[in-house]
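A short worksheet on the structure shown next.
The values are calculated or read from the model by the stated rules, or taken from the named source; none is laboratory data. Keep in mind it's a predicted model, so treat the numbers as computed, not measured. Virtual Cβ from ideal backbone geometry, glycine too; neighbours counted across all protein chains shown. Protein only, heavy atoms only, side chains kept; ligands, DNA and RNA dropped before computing areas. Shrake-Rupley method; radii C 1.70, N 1.55, O 1.52, S 1.80 Å.
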Amino acid sequence: MGFDYFMNPFAEWIGWFPKHYSREERVLVHKIDMLILVFACFSTWACNLDINAIYNAYVSGMQDDLQLHGNRLSYLNAIYWVGTIAFQIPSNAILTVVPAQYYIPAFEIMWGMFTLGTAFVKDYNQLMVMRFFVGVTSTPCWIGNVHIINSWYRKQELGKRNAIFYNTYPLGAMFTGYLQNACLTLDGVGGLQGWRWLFIICTVITVPISFIGIMFFPNVPGKCNSRWLTAAEKELAQKRLLDEGFAPSQGLNWGILKRVFKAWPTWVFLILANLYWQTPYPSTTPYLLWLNAVAYPAQTVSDINMVNNLSTISYAVSIVSAMFFAFYSDWRGNRWDSLLLAGVVVLVCNIVLLVYHVPNGAMFFAFIALGFCNGPINLVIAWIAETLAYDLEVRSIALAVVNMGYCVFALVIPLTAFQTKDQPRFLAGFIWSTCISVTELIMIPIPLYLERRDKRLGIHQAETDLIIASAAGLDEVSKEVGLGEASFSSNEKKDLDVKVHDLS
């Protein structure tokens with residue numbers, strides 16, 4: 001009577017996996033969750049701690065200590081995104097050939113060191129250098145983990161796992177606020193201001209997580225050498241993805257660029273995803289600055305604590321909505337209706353912010369409701385992965401292209417529409433958010449139509465047939481070597497490896 005005995009009834013009840021899964025597949029899913037989700041979530045959570053620390057530090061003394069006046073906060077945000085944008089596509093391309101269990105943790109250690117360097121900067125120019133390299137080194141820890149997560153799960157599992165992974169962002173932002181409150185009590189210790197201690201503590205949290213990745217994180221199923229999975233489980237991991245239409249790796253070559261840019265999901269989701277991801281933007285930094293300037297402007301320690309605490313509410317509702325929409329969309333078997341519902345709410349909230357001259361309660365509600373609508377944004381990632389199931393390398397790089405679009409918006413929008421000097425009423429930003437809310441609603445039917453058209457016309461049917469044939473071949477391999485046994489003999493394992501390689 002092991003752990004899975006108690007977990008399976010609960011997992012079935014909440015829809016974590018269907019009732020028809022065999023015991024072997026249930027055990028495998030539990031293992032995958034532990035090996036992949038635990039490290040990926042902790043890794044990205046720590047990354048988001050470091051990213052959000054700059055904003056909490058800004059309102060907690062950094063602004064005056066480093067003379068960050070005017071648009072300097074926006075420029076710090078921009079230089080971070082420049083570093084991230086530059087490394088998006090190269091990073092995910094490298095990840096298709098370099099073992100993930102070493103590649104991602106190595107960059108996590110490097111970004112921890114640059115975060116530590118941030119604690120000891122003396123001026124604005126040094127801070128700009130640190131932010132650029134934090135951006136570069138944090139890239140694999142987000143988009144790389146996205147690729148790995150979306151390479152292990154069946155389609156009906158993707159929504160929930162992507163939601164859990166996404167929730168590391170609001171959890172990181174929330175925890176940073178509480179951490180900053182604690183760091184204020186360290187002000188003066190060791191001759192350092194409280195905001196500097198925030199970056200030191202973030203580093204202490206970040207670096208040990210990288211060693212968890214080295215020990216436990218697997219590569220993609222077709223290249224998995226994890227000591228924590230048996231040979232039978234590695235084969236089952238490949239077969240269940242083939243059953244779902246997810247193709248194994250074809251290897252990296254120059255033809256990948258042609259395949260990426262010919263695939264309509266690359267371009268359609270580049271636009272749709274980034275429009276949707278930007279529509280709730282006012283619930284982040286603009287909300288924090290509105291609280292700081294309008295709701296609690298006194299800047300006492302009590303006010304700073306209240307601003308940090310209230311800023312976490314937006315992230316808390318985002319966590320709840322992410323899980324709700326993930327379970328709902330997996331149950332429904334589609335992603336579009338959740339995005340449509342959230343899109344309508346986003347439009348209404350952005351109109352309220354645009355009007356602006358409303359009671360503070362209405363403004364607060366609009367900011368929080370936008371935070372709620374941040375929840376379903378991870379469903380776009382699951383939709384992309386499902387649409388590009390037929391090509392692993394295209395899926396990996398397309399995810400990077402789409403995420404690079406997000407980084408470009410994150411770089412440009414604060415410098416144009418949401419300039420710090422315009423706080424607390426970002427008129428240009430609220431106009432922008434309202435306009436793209438309308439455009440995003442209009443665009444949602446487009447990938448739905450193209451997806452159904454491809455299925456009706458049999459586009460990519462050849463790739464699908466090959467995947468089905470590979471799955472059938474793995475069934476034959478399973479019969480020969482006995483899938484479901486705890487382990488194989490060394491000769492059987494060698495035979496299996498050869499046959500699986502041939503099928504891939």
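Of note:
For (1) closer than 26 Å to Pro221 by Cβ; (2) assigned to a helix (DSSP H, G or I), each residue gets a yes or a no:
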| position | (1), (2) |
| --- | --- |
| Ser249 | yes, no |
| Arg259 | yes, yes |
| Asn305 | no, yes |
| Ser311 | no, yes |
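- Taken together, the residues in region 116-132 that are touching a residue at least 60 places away in the same chain (Cβ under 8 Å) and in a helix (DSSP H, G or I) amount to 4.
- Of the residues Glu25, Glu108, the single one that is among the acidic types (Asp, Glu), modelled with pLDDT of 85 or more, closer than 26 Å to Lys223 by Cβ and open to solvent by 10 Å² or more (accessible area, probe 1.4 Å) is Glu25.
- Cβ pairs under 6 Å, 6+ apart, first in region 60-73 and under 19 Å from Leu291 (Cα atoms), second hydrophobic (A, V, I, L, M, F, W, C) and open to solvent by 70 Å² or more (accessible area, probe 1.4 Å): none
- The set of residues from region 272-286 being out of contact with any Gly (no Cβ under 8 Å at 6 or more places or on another chain) and assigned to a helix (DSSP H, G or I) comprises Leu272, Leu275, Trp277, Gln278, Thr285.
- Residue in region 341-359 that is closer than 30 Å to Lys455 by Cβ, open to solvent by 60 Å² or more (accessible area, probe 1.4 Å) and modelled with pLDDT of 90 or more present: yes
- Subset of region 332-370 (residues that are touching a residue at least 24 places away in the same chain (Cβ under 8 Å), among the charged types (D, E, K, R) and out of contact with any Phe, Trp or Tyr (no Cβ under 6 Å at 6 or more places or on another chain)): none
So that you can scan it fast, the table gives a plain yes or no per residue for (1) among the aromatic types (Phe, Trp, Tyr); (2) open to solvent by 10 Å² or more (accessible area, probe 1.4 Å); (3) not in a helix (DSSP H, G or I):
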{"site": "Glu393", "(1), (2), (3)": "no, no, no"}
{"site": "Ala398", "(1), (2), (3)": "no, no, no"}
{"site": "Asn403", "(1), (2), (3)": "no, yes, no"}
{"site": "Leu411", "(1), (2), (3)": "no, yes, no"}
{"site": "Arg425", "(1), (2), (3)": "no, yes, yes"}
{"site": "Phe430", "(1), (2), (3)": "yes, no, no"}
{"site": "Thr434", "(1), (2), (3)": "no, yes, no"}
{"site": "Glu440", "(1), (2), (3)": "no, no, no"}
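- Test result for Leu192, among the aliphatic types (A, V, I, L, M) and surrounded by 24 or more Cβ atoms within 10 Å (Cβ to Cβ): no
- Among the residues of this structure, Arg456 counts as one that is part of a helix (DSSP H, G or I) and open to solvent by 60 Å² or more (accessible area, probe 1.4 Å).
- Selected residue (only one of Ala11, Ala53 is assigned to a helix (DSSP H, G or I), within 23 Å of the chain's Cα centre (by Cα) and either crowded, with 18+ Cβ neighbours inside 10 Å or not acidic (Asp, Glu) (or both)): Ala53
- Filter result (open to solvent by 60 Å² or more (accessible area, probe 1.4 Å) and either out of contact with any helix residue (DSSP H, G or I) (no Cβ under 8 Å at 6 or more places or on another chain) or not charged (D, E, K, R) (or both)) within region 170-189: Leu171, Phe175, Tyr178, Thr185, Val189
- Here Pro297 clears all of (1) in a loop (DSSP other than H, G, I, E, B); (2) touching a residue at least 40 places away in the same chain (Cβ under 8 Å); (3) open to solvent by 10 Å² or more (accessible area, probe 1.4 Å) except the condition numbered (2).
- Restricting region 133-178 to residues that are over 12 Å from the mean Cα position of the chain (by Cα), aromatic (Phe, Trp, Tyr) and in a helix (DSSP H, G or I), the residue that is farthest from Val98 (Cα to Cα): Tyr178
- Taking the numbered list (1) in contact with a Phe, Trp or Tyr (Cβ under 8 Å, 6 or more places away or on another chain); (2) closer than 24 Å to Gly333 by Cα in turn, Asp454 passes all entries but (1).
- Complete set of residues in region 210-234 that are in a helix (DSSP H, G or I), surrounded by fewer than 22 Cβ atoms within 10 Å (Cβ to Cβ), under 25 Å from the mean Cα position of the chain (by Cα) and not charged (D, E, K, R): Phe211, Ile212, Ile214, Met215, Phe216, Gly222
- Exactly one residue out of Asn71, Asn145, Asn77 is modelled with pLDDT of 90 or more and either more than 13 Å from Cys202 (Cβ to Cβ) or open to solvent by less than 10 Å² (accessible area, probe 1.4 Å) (or both), and it is Asn145.
- The single condition from (1) closer than 27 Å to Gln88 by Cα; (2) aromatic (Phe, Trp, Tyr); (3) surrounded by 16 or more Cβ atoms within 10 Å (Cβ to Cβ) that Trp290 fails is (1).
- Going through (1) out of contact with any Ser or Thr (no Cβ under 9 Å at 6 or more places or on another chain); (2) surrounded by 14 or more Cβ atoms within 10 Å (Cβ to Cβ); (3) modelled with pLDDT under 90; (4) assigned to a helix (DSSP H, G or I) one by one, Leu448 falls short only on (3).
- Under the condition of being under 13 Å from Tyr166 (Cβ atoms), surrounded by 16 or more Cβ atoms within 10 Å (Cβ to Cβ) and at pLDDT 90 or above, the residues counted in region 314-328 number 5.
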